[in-house]
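Laboratory data are not the source of any read-out in this text; all were calculated from the coordinates shown. Note that the coordinates shown come from a computational prediction; the quantities given were computed from them, not determined experimentally. For neighbour counting, all protein chains shown are included, and Cβ atoms are generated from backbone atoms with ideal geometry for every residue, glycine included.
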Amino acid sequence: MIRDPWSRAVKLSFIFNLAIYFAGITAGFMSPSTSVLQSVLEKFTDIGQLTVFHRYVFIAVNNIVLAFTLVLFSIAIVPGLAIIAYNGYIVGALAALWLSAHDSLQKFLALLVPHGIFEMLALFYASSIGLTIAATHIARIQHIEATKKALSGIAVIVYLLLLAAAVEVVITPYISSLV
């Protein structure tokens, strides 16, 4: 049982983020847009040319910037949830196009799940922190205590994203090569 209002609010926000993400996945899977995917993939076209270290840095910095953006945008509530839904849409659209090309679901999951577990956990947590900060301001709850807890949560997010980037550049390619 969670008695701390901050922890309870973060937990509820996390579950809400998860629901929004899966709604985005469903929308992307049901109605994939190749133009949206092309614009996303263009950002990452040259990443394969980088050394493993530079790929790690690029992915880690990109995801950390996204996490900070999520915290800030989630304080405004709707923009943060839109980012979560958009990320889900991208995964759903990629899955639909991947499967329509008759590639295996196992390969698709091998390319996403190993690092995605840490990455999405961190991003949902980032959005949850922003949503919880918004809730504390709306409810006029102890702002200083909420800020301290948010800052400690951000350290966890950065750690998870550094771990996710390492998994993405080292472990994910190995696992996907086995499938």
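Each residue of the range 77-90 is assigned a 3J(HN,Hα), and the resulting list reads 6, 4, x, x, 5, 5, 5, 4, 4, 5, 4, x, 4, 4 Hz, derived from the Karplus form 6.51 cos²θ - 1.76 cosθ + 1.60 (θ = phi - 60°), x at Gly and Pro. Normalised by 2.2 N^0.38 Å, with N the number of residues, the alpha-carbon radius of gyration of the range 88-162 equals 1.53. The residue list Asn62, Thr51, Ala9 was ranked by how far each Cα lies along the charge dipole of the range 1-96 toward its positive end, using unit charges on Cβ atoms, and Ala9 comes out on top. Each label was represented as a point 7 Å from its Cα along the Cα-to-Cβ direction; for Ile138 and Ala155 these points are 2.9 nm apart. By the rule of a C-alpha distance below 22 Å, with chain neighbours fewer than 8 residues away ignored, the lysines paired with Lys148 are Lys11. Helix 143-166 and the long axis of the chain differ in direction by around 10°, with both axes built from C-alpha atoms. Build a GNM of the chain with springs between Cα atoms under 10 Å apart, and of Val40, Val167, Val61 the one that fluctuates most is Val40. With N the number of residues in the chain, Rg(Cα) / (2.2 N^0.38 Å) evaluates to 1.09. Translational diffusion of the range 1-106 was estimated from the Stokes-Einstein equation, with Rh taken as the Kirkwood radius over Cα pairs; at 20 °C and 1.002 mPa s the coefficient is 136 µm²/s.
When shorter helices are ignored and each DSSP H run of at least 4 residues is given -39500 (n - 2.57), the per-residue value for the chain at 222 nm works out to -28500 deg cm²/dmol. Within straight-line reach of Lys43, meaning a Cα separation under 23 Å, sit the following lysines at least 8 residues removed in sequence or on another chain: Lys107.
Entry note, the range 5-174: relative contact order of 37 percent, from Cα contacts under 8 Å with a spacing of 6+ residues. Under the convention that each Lys and Arg Cβ holds +1 and each Asp and Glu Cβ holds -1, the size of the dipole of the range 23-179 around its Cα centre is about 320 debye. Of the residues Ile171, Ile157, the one with the fewest other Cβ atoms within 10 Å heads the list, and the complete ranking is Ile171, Ile157.
Note on Asp46, Asp103: ascending count of other Cβ atoms within 10 Å places them as Asp46, Asp103, the fewest first.
By how many nm would the segment from Ser177 to Val113 lengthen if fully extended, with 0.36 nm per residue of separation less the alpha-carbon distance? Before the final figure, lay out each step's value.
Values: separation 64, 0.36 × 64 = 23.04 nm, distance 1.38 nm.
Extending this stretch completely gives an extra 21.7 nm.
Loop-located chymotrypsin sites (Phe, Trp or Tyr not before Pro) in the range 29-77 (DSSP state not H, G, I, E or B) with no more than 14 neighbouring Cβ atoms inside 10 Å: Phe44.
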